[in-house]
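The block underneath contains the structure these notes are about, expressed in C-alpha cells.
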Amino acid sequence: MDFRVFDLGLVDFQKAWQFQKEIFTKVKIGKFDSGIILCRHYPVITLGRLANRDNILASEQELSSKGIQVHKIERGGDITYHGPGQLTIYPIINLNYFKKDIHWFLGQLEEVVIDFLSDFGIKGERHNGLTGIWVDKKKIASIGIAIRNWITFHGLSINIKKDDLSNFRLIRPCGMDIEMTSIESVLNKKEAFPPKSRLAGRKRFMAKEEVII
Amino acid sequence: MTKVLLPKLGEGIEKATLSYWYFKEGEKVNEKDDLVELTTDKATFNLPSPCSGTLTEILFHEGDTVNVGEVLAIIEG
C-alpha cells in the first residue's frame, strides 16, 4: 500500500486546511492510497459543524489582540483550540481499503494516541464514552474528523507543551467544562524531543516527505 | 422515484444528526454529487446522490436526528 507522510512543521491553519484538501483529492483519484499530515499550528480556534459559538468565552477584542482567528470547518465535534505546543495529525485514510466503519476508525485513532503516550510512560485512557484521550480525567488529545466517500480528513491533536494550555481558557473545549493537560504537564518536566521526529521515525511509516507550503 | 436512505455507518451506530443539505427541494442533482452531510460522534460524513434527477422531497432537516434505514429524501428521475 502506497502510504505518504507529509511533515509541514509550524504552519498556518488555513494553509494546512488547503493542503489537506489537496492530499484528499490525490487519495480520491488514486495517486496514492492514503496520506498522513503532521504539523503544528499558530494559535487558532476551530468550530466543528454543529459547534455552538457561545463556547467561545473570550471577547473578539481579546482574540484579535492575541492574533487568534476563528474558523468554521466541516469536521465533527464542537470547538477546539490549536497551538504550536500541540502535534496535530491529519490522517487522510481511504477507508475503502480498510473498514467502512466510523466507530472503528475513531477507535483506531484513539489507539494511536494511547500507543504514542505509552512511549513516554503515560497511560492514556478513554473517559465516559467520550471521543478523545484522557490522563487522570484531564484531556490530552482531541479528535474531530470528516469523511467524504469513505476517505477521512481532519483528525487529532495531542497536547505536548505546557505553555499552550492556558489558551484553552478562551473556549469551552468540545462544549464541555473539561480540564486539559499535556505530555509536559504529566511528566512535569520540559521534554527535549521534537515531537514530529518521534512520531515520523516509527517503522510503520513507509515514506516521508518534507513539504514547505 | 428513488428513496435516499441513511445507510449502515458502522458497528453500534444507529443514528446520526443531519448537519448540512447541499441542495434545496426542487433542485436538480447528479449521481455522485454530495447530497447531504450528517454527523455522528466526532465525525461528519457525506451521502452522495444515488442517482440523477430532481430532489423533490426533503424529509429531515438540519439538526434532526435520523435513524439508520430511514428515508432522508426522494429524488424523481
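The values are calculated or read from the model by the stated rules, or taken from the named source; none is laboratory data. For clarity, every value in this text was computed on a predicted model and none was experimentally measured. Using ideal geometry, Cβ is built from the backbone for each residue, glycine included, and neighbour counts are taken over all protein chains shown. What goes into the accessible areas is simple: the full protein's heavy atoms, side chains included, and nothing from ligands, DNA or RNA. Shrake-Rupley method; radii C 1.70, N 1.55, O 1.52, S 1.80 Å.
A simple count of charges around A:Val135, restricted to other residues whose Cβ falls under 10 Å of its Cβ and scoring Lys, Arg +1 and Asp, Glu -1, yields +2. Of the residues A:Gly155, A:Gly85, A:Gly30, which exhibits the maximal mean-square fluctuation in a Gaussian network model of chain A defined by a 10 Å Cα contact cut-off? So, out of A:Gly155, A:Gly85, A:Gly30, the one fluctuating most is A:Gly30. Projected label points at B:Leu5 and A:His71, each 7 Å from Cα along the beta carbon direction, are separated by 3.7 nanometres. Apply the a/c threshold of 1.5 to the C-alpha gyration tensor of chain A and tell me whether it is rounded, prolate or oblate. Rounded, because the longest to shortest axis ratio a/c is under 1.5.
What FRET efficiency, computed as 1/(1 + (r/R0)^6) with R0 = 45 Å and r the Cβ-Cβ distance, is obtained for B:Glu25 and A:Glu111, rounded to the nearest 0.05? For R0 = 45 Å, the calculated efficiency reads 0.60. Per-residue accessible area (protein heavy atoms, 1.4 Å probe) orders B:Thr40, B:Thr65, B:Thr54 as B:Thr65, B:Thr54, B:Thr40, starting from the largest. Of the cross-linked pairs A:Lys66/A:Lys138; A:Lys123/B:Lys42; A:Lys28/A:Lys161; A:Lys21/B:Lys32; A:Lys72/B:Lys3, which ones have a Cα-Cα span greater than 28 Å in the structure shown? Among A:Lys66/A:Lys138; A:Lys123/B:Lys42; A:Lys28/A:Lys161; A:Lys21/B:Lys32; A:Lys72/B:Lys3, the Cα-Cα distance tops 28 Å for A:Lys28/A:Lys161; A:Lys72/B:Lys3. A cut-off under 13 angstrom between Cβ atoms defines the neighbours of B:Ser49, and their net charge, with Lys, Arg +1 and Asp, Glu -1, is -3. Surface calculation, 1.4 Å probe, protein heavy atoms: A:Leu187 sits at approximately 50 Å² accessible. Shielding of B:44-51 by partners, i.e. mean partner chain Cβ atoms within 10 Å per residue? That average works out to 4. Summarising the amide proton neighbourhood of A:Ile171: residues at separation of 5 or more, or on other chains, whose placed amide H is nearer than 5 Å comprise A:Leu57. In percent, rounded to a whole number, the relative contact order of segment A:147-192 is 39, using alpha-carbon pairs under 8 Å and six or more apart.
Seen from A:Tyr42, the other residues with C-beta closer than 13 Å to its C-beta sum to a net charge of +1, counting Lys and Arg as +1 and Asp and Glu as -1. Evaluating 6.51 cos²θ - 1.76 cosθ + 1.60 at θ = phi - 60° for every residue in segment A:25-32, the Karplus couplings come out as 4, 5, 5, 4, 8, x, 5, 8 Hz, glycine and proline recorded as x. Across peptide A:44-55, the average count of Cβ atoms from other chains found within 10 Å of a residue's Cβ is 2. For A:Ser185, B:Ser52, A:Ser157, A:Ser65, the ranking by accessible surface with the largest value first comes to A:Ser65, B:Ser52, A:Ser185, A:Ser157, using a 1.4 Å probe.
Placing B:Cys51, A:Cys39 in order of accessible area, with the largest value first and a 1.4 Å probe, yields B:Cys51, A:Cys39. Taking every protein chain into account, the 1.4 Å probe leaves A:Lys123 with about 150 Å² of accessible area, to the nearest ten. In chain B, Cα pairs under 8 Å separated by at least six residues give a relative contact order of 42 percent.
Short-range pairs are left out: with C-alpha atoms under 8 Å and at least six residues apart, the relative contact order of chain A is 26 percent.
Judged by the gyration tensor of its Cα atoms, with axes a ≥ b ≥ c, chain B is prolate; a/c meets the 1.5 cut and a/b is the larger of a/b and b/c. Mind grabbing the accessible area of B:Lys15 for me, 1.4 Å probe, Å², rounded to tens? Approximately 110 Å² of B:Lys15 is accessible to the 1.4 Å probe.
Extending 7 Å from Cα along the Cβ direction at A:Lys123 and again at B:Lys15 yields two label points whose distance is 3.6 nm.
Summarising the amide proton neighbourhood of B:Leu5: residues at separation of 5 or more, or on other chains, whose placed amide H is nearer than 5 Å comprise B:Leu72.
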